[in-house]
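Notes follow the structure.
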């Protein structure tokens with residue numbers, strides 16, 4: 001049975017093995033900023049590639065985009081973010097800790113108990129349930145008030161004279177403002193979608209739980225444009241596609257994923273229907289992705305605020321319409337966090353002296369593993385080192401492989417178990433004689449001999 005990962009164990013492993021480091025660590029850090037290390041960035045890029053391939057490259061009705069982070073401020077007026085993009089801020093009167101009232105309540109009542117509650121209701125519920133301050137334990141907060149989440153900055157030479165701009169809080173608006181450009185240059189017909197992966201920024205009141213909630217993060221978003229009459233079947237189809245991505249491509253356990261529909265009072269100002277996929281994190285259920293039916297809200301708003309027509313000439317009816325939109329939205333950092341949690345396991349492995357010892361292993365699906373294989377000479381000396389190096393030089397042209405000659409073979413196996421490397425190929429004296437190597441499977445720890453020229457075929461079988 002798989003061992004459940006705690007956040008403490010995972011954070012420790014990520015630091016020790018170069019997946020994720022605290023941001024600006026030598027200066028004491030900066031609250032809830034994280035840097036992806038050598039293996040973390042490979043894992044993150046592999047998740048991106050898997051998402052892009054499945055949702056964009058493999059579909060004829062999808063194209064890609066990479067829009068600017070800085071946009072004309074009027075974009076955020078049109079989208080509603082200037083007036084509506086806020087969280088309930090509360091201060092502890094005793095220790096001055098600032099908290100999100102809704103998140104405090106979620107820990108007590110669950111997501112369903114907080115959904116759609118007004119600022120006044122949040123304040124009253126916190127008093128009724130005597131929810132304590134997470135820092136000092138007191139139950140004495142200010143009334144909940146609205147706090148806008150957008151980061152402001154200035155564009156220009158002198159700040160006083162410069163125009164105020166925002167760091168984008170979502171990637172979606174870059175897609176909407178480019179709708180006409182993309183449709184006209186690609187000549188796509190409805191239904192079609194535009195996918196984008198990029199950074200977004202939100203001045204969260206209480207970020208936390210490792211990389212689950214941060215102020216700087218990456219999104220993988222799709223805006224899928226449809227005729228109004230066909231939105232529902234297309235929406236249901238996207239739900240199946242989202243499920244397939246998580247369960248079949250990333251191999252996330254069905255038991256730890258669920259769908260949750262937003263209550264009417266919980267819906268965003270642009271949404272008519274929204275379902276979240278939630279994952280059972282060590283700290284409870286949390287949002288992993290969202291699927292929103294945004295209607296024609298965004299394109300209409302941009303038409304109104306920009307004065308530019310956002311219409312589409314429907315060749316089926318020869319009428320001009322403003323398409324409706326379905327939005328599958330994924331948090332990349334959260335998806336990577338889930339991949340780490342799903343992969344983490346502890347079991348026992350044999351030692352070189354014939355005993356048993358506990359080991360930590362990351363059981364990544366091979367398609368997202370940061371290192372696909374390790375090439376290990378049994379000893380550094382000739383002829384094993386040069387023979388192993390020759391295999392490595394051949395494989396690295398097509399695969400993410402590592403050459404590792406430091407430490408005993410057992411320690412090298414343990415290291416690559418913790419990196420999630422699916423296969424280790426050991427070069428020994430028999431290799432020199434018959435051109436075979438020992439391949440060790442990460443999950444079963446079984447070993448067998450295969451020919452050197454069969455290694456590439458094995459790795460291609462687990463892309």
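Rule-based calculations on the coordinates, nothing more; no lab input. Just so you know, these numbers come straight off a predicted model, no measurement behind them. No Cβ is skipped: glycine too gets one built from the backbone with ideal geometry, and neighbour counts run over all protein chains shown.
Once the piece of chain linking residue 49 and residue 411 is laid out straight, how much longer is it, given 0.36 nm per residue of separation minus the C-alpha distance between them?
This chain segment gains 127.2 nm when fully extended.
Using only Cα atoms, find the angle between the long axis of helix 297-306 and the longest principal axis of the chain, and express it within 0 to 90 degrees, rounded to the nearest 10.
Helix 297-306 sits roughly 60 degrees off the main axis of the chain.
Given R₀ = 56 Å, FRET efficiency for residue 152-residue 447 by Cβ-Cβ distance, to 0.05?
Values: r = 58 Å, r/R0 = 1.04.
After rounding, the FRET efficiency stands at 0.45.
Per DSSP helix of 4 or more residues, -39500 (n - 2.57); summed, then divided by the residues of the chain. What does that give at 222 nm, rounded to the nearest 500? Don't skip to the answer; put the middle values down first.
Details: 15 runs with 141 residues, N = 463.
Per the formula, -8500 deg cm²/dmol.
For segment 371-461, just say rounded, prolate or oblate: build the C-alpha gyration tensor, square-root its eigenvalues into a ≥ b ≥ c, call rounded for a/c under 1.5, and beyond that prolate if a/b exceeds b/c, oblate if not.
It comes out rounded by the Cα gyration axes.
Compute the distance in nm between two label points, each set 7 Å from the Cα along the Cα-to-Cβ direction, one at residue 287 and one at residue 93.
Placing both labels 7 Å along Cα→Cβ, they lie 3.1 nm apart.
For an R0 of 30 angstrom, estimate the FRET efficiency from the Cβ-Cβ distance between residue 258 and residue 232 and round to the nearest 0.05.
Numbers: r = 21 Å, r/R0 = 0.71.
E(calc), rounded to 0.05, equals 0.90.
Can you order the peptides 68-77, 413-422 by their average number of other Cβ atoms within 10 Å per residue, highest first?
413-422, 68-77
Once you order the gyration tensor axes a ≥ b ≥ c over the Cα atoms, which shape class does segment 163-306 get: rounded for a/c under 1.5, otherwise prolate or oblate by comparing a/b with b/c?
It is oblate, given that a/c is not under 1.5 and a/b is not larger than b/c.
By its C-alpha gyration tensor, with a ≥ b ≥ c as the square roots of the eigenvalues, how is segment 326-409 shaped: rounded for a/c under 1.5, else prolate for a/b larger than b/c, else oblate? Each step should come with its number before you reach the end.
Details: a/c = 4.45, a/b = 1.47, b/c = 3.03.
Because a/c hits 1.5 or more and a/b fails to exceed b/c, segment 326-409 counts as oblate.
Report for segment 371-461 the percent antiparallel among DSSP-assigned beta bridges with both residues inside it, nearest 5. Walk me through the numbers before you get to the answer.
Numbers: 9 of 17 bridges.
DSSP beta bridges in segment 371-461 are roughly 55 percent antiparallel.
For the chain, what does the relative contact order come out to in percent, with C-alpha contacts under 8 Å and a separation of six or more? Please list the in-between numbers first.
Details: 834 pairs, mean separation 63.8, N = 463.
Relative contact order comes out at 14 percent.
Which one, (1) 45, 22, 20; (2) 59, 25, 22; (3) 44, 30, 20, gives semi-axes √(5λ) of the Cα gyration tensor in Å as derived from the coordinates shown?
The listed entry that was calculated here is (3).
Full extension from residue 241 to residue 435: what is 0.36 nm times the residue separation minus their Cα-Cα distance, to one decimal in nm? Could you put the intermediate results ahead of the total?
Values: separation 194, 0.36 × 194 = 69.84 nm, distance 4.42 nm.
Full-extension gain reported as 65.4 nm.
Between residue 456 and residue 352, what FRET efficiency follows from the Cβ-Cβ distance if R0 is 30 Å, with the result rounded to 0.05? Walk me through the numbers before you get to the answer.
Working: r = 29 Å, r/R0 = 0.98.
My answer for the efficiency is 0.55.
Kindly express, to the nearest 10 degrees and within the range 0 to 90, the angle between helix 409-419's C-alpha long axis and the longest C-alpha principal axis of the chain.
That helix lies at roughly 10 degrees to the long axis.
If you line up the long axis of helix 332-343 against the longest principal axis of the chain, both from Cα atoms, how many degrees apart are they, to the nearest 10?
Approximately 40 degrees, to the nearest ten.
In nm, to one decimal, how far is the residue 280 label point from the residue 400 one, both placed 7 Å along Cα→Cβ?
Distance between the two pseudo-spin positions: 2.9 nm.
Taking Cα pairs under 8 Å and at least six residues apart, what relative contact order does segment 371-461 come out at, in percent?
Details: 147 pairs, mean separation 26.7, N = 91.
Computed over segment 371-461, the figure is 29 percent.
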